[in-house]
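J.: I have a structure here, written as structure tokens, and I will follow up with some questions on it.
All of the numbers you see were taken from the coordinates with simple rules; none came from a lab. Here the structure is a predicted model, which is why all the values come from computation and not from measurement. Please note: Cβ atoms are built from the backbone with ideal geometry, for glycine as well, and neighbour counts cover all protein chains shown.
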Amino acid sequence: MKMPKTFPSVARIARHTFFDEMRQKSFIVMFAVCALCVFLVRGCYHGDYMVNGQHVDAGVIVRAVSKVTFHIIGAGVMVITALLSMRIFRRDRNDGTQSCVLSKPIARCQYVAGKIVGVWVVSLLFMFVLHGIVFLVTSLSLRDFMPEYLAASLLCSVNLLFVVVAVLLLSLLMPDIVAFLCVLGIGVVSFVADGISAVSHSQMAQAMMRQSGAAPHSDLTWWKAVYYVWPKLLGVQQSATSLLGSEPFQGFGSLYPFINVLLYCLVFGVALFRRFGKEDIG
Amino acid sequence: MIELNTVTKRYGSLTAVDTVSFTVTAGECFALLGPNGAGKTTIVKMLLDFTRPTAGSLSIRGIPTTDPACRASIGYLAENHRIPPSLSGWRYLLRCAELLDLSRSDAADQCGRIVELIGMQGREHAPAGTYSKGMIQRFGLGAALVGDPKLLILDEPTSGLDPIGIRETRLLLESLKEQGMTIFLNSHLLSEVEKLCDTAAIINRGALLVKDAISAIVRDGDTLEDVFVRLVKG
């Protein structure tokens, strides 16, 4: 019997994981509910909006609503990805998949890589289809084509990779639900911190600070340092939506969230491979 | 074929396996015997690199068990074997074949033969959730045979089988043994072991008590069960 090659082994485990996830009833129900909710958003595009007694251009509404929907889908799929990832190792242990795979000439790192890729692809497709529904609704009903919307969706998959790797790692160290809550906490802190930062940098907040005579702090405090090194999950989404044209691309400022999240993926990924290498199987 | 060299496995203060050494030669049908908690499954897990020894080393065909390549010629049946309930027995066997890099046609041919061998024709396409424990065990044995392995490691292969199933499994293992396959058996059914195996090792509380040919362990007028009870009870 020959030794299976590394890449095909990872691809096969990823494919098995993908179809195992797709067969789960909970996954199908979650997907149907999410798709329905996103589809219902189409009503927002047909409203007759007025600001200061003037009709607002439909294109402006479409872009604004689409952007908000983009962020909601991105955040929602991250939560669903965490839910899918948290039970991967436990389910494989319980249904004998882990001992079946690892009794074959397959290295543990190949198994873990296959699991990461499998869940990541499922989540990526989940998000891409939901974003695709928004894209189709806007394209068909308003003739406003936004292909960059789908490109932005693919960019946001970096966040999903982070969630998969982080939850898989933490699920080896603590109960699954605690792992889920920890990653959810990381996401909430990231969104809240970036939200506060965005508000504090808004023109209105700057004007209020000038009026009150408070000078903006430019020195690096410890919480600022934490803010910059914290996983920039909302930052990735904001940078991705810069493709939609509402915000200008800010060079390194726009790239930094991707670098930040990818570095976390790398560090957590290395820790996951090392930790799983020490796990007792079966 | 298999070599254990002063292998020790500790879980905290508990010593599950205590400086055990033995070898199993190619073509041998070997039984690892011992009461519950003796360390049999721990040895099997170390052979498959599911857990690492605290001290000592294990190798299969001269390759350390830490190298996945050593599992290229192993078929393994776990104690209390399970199959993902959403898969059918057929899909499960195909999945095992895919993991061994078999082509689709080879995999389908081989799985068809195995389904006949384990006597599951007609039930192979039903979801595993509808299978009895005995049927799951048969598919588990089938999965171990995928890829024509040179070494079979079977942890309680007859667990959950009825007397007819136990007999059929023994006959199947006998035919595999005749084909020159090395069999490493972990079982409580001493009468079946006595009929099937050439050599046996008895361990208790992690320590190896005896390893010899069954004909040498079982003296005149005794059964393997008599020897086992005498050795284990001290």
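J.: Evaluate E = 1/(1 + (r/R0)^6) for A:LYS224 and B:ASN80, where r is the Cβ-Cβ distance and R0 equals 60 Å; express this FRET efficiency to the nearest 0.05.
T.: With a Förster radius of 60 Å, E is 0.65.
J.: How much length would be gained if the chain were fully extended between B:ARG113 and B:LYS133, taking 0.36 nm per residue of separation minus their Cα-Cα distance, in nm to one decimal?
T.: Difference between extended and current length: 5.0 nm.
J.: Hey, what angle do you get for helix A:176-200 against the long axis of chain A, alpha-carbon based, 0 to 90 degrees rounded to 10?
T.: Result, in degrees: 20.
J.: Now a separate question. Going Cα to Cα from A:LYS67, which lysines come in below 28 Å? Please leave out same-chain ones fewer than 8 positions away.
T.: Qualifying lysines at Cα under 28 Å: A:LYS224, A:LYS232.
J.: Next question, about the same structure. Looking only at other chains, what is the average number of their beta-carbon atoms within 10 angstrom of each beta-carbon in B:90-102?
T.: So the per-residue partner count for this stretch is 5.
J.: Looking at this model, which pairs from A:LYS25/B:LYS150; B:LYS150/B:LYS233; A:LYS104/B:LYS133 are more than 32 angstrom apart at the alpha-carbon?
T.: The answer is A:LYS25/B:LYS150; B:LYS150/B:LYS233.
J.: Once you have a ≥ b ≥ c as the square roots of the Cα gyration tensor eigenvalues for the protein assembly as shown, tell me rounded if a/c is under 1.5, and otherwise prolate or oblate according to whether a/b is larger than b/c.
T.: prolate
J.: Taking only DSSP H segments of four or more residues, each worth -39500 (n - 2.57), what value at 222 nm results for the protein assembly as shown once the sum is divided by all its residues, to the nearest 500 deg cm²/dmol?
T.: -19000 deg cm²/dmol
J.: Show me the ranking of peptides A:168-174, B:137-143 by mean Cβ neighbours inside 10 Å, starting with the highest.
T.: B:137-143, A:168-174
J.: Something else now. Rounded to the nearest 20 debye, what is the charge dipole size of the protein assembly as shown about its Cα centre when +1 sits on each Lys and Arg Cβ and -1 on each Asp and Glu Cβ?
T.: Taking the Cα centre of the protein assembly as shown as origin, the dipole is about 680 debye.
J.: Ok, one more. Could you size up the charge dipole of segment B:2-233 around its Cα centre, putting +1 on the beta carbon of Lys and Arg and -1 on that of Asp and Glu, and report it in debye to the nearest 20?
T.: Computed charge dipole of segment B:2-233: roughly 660 debye.
J.: GNM on chain A, C-alpha springs below 10 Å: top fluctuator among A:VAL33, A:VAL56, A:VAL192?
T.: A:VAL56
J.: Largest first and to the nearest Å, give the Cα extent of chain B along each principal axis.
T.: Computed over chain B, the largest-to-smallest principal extents equal 50, 41, 32 Å.
J.: Moving on. Within a 10 angstrom radius of each residue's Cβ in A:105-114, how many Cβ atoms of other chains show up on average? Whole number is fine.
T.: Neighbouring Cβ atoms belonging to other protein chains average 3 per residue here.
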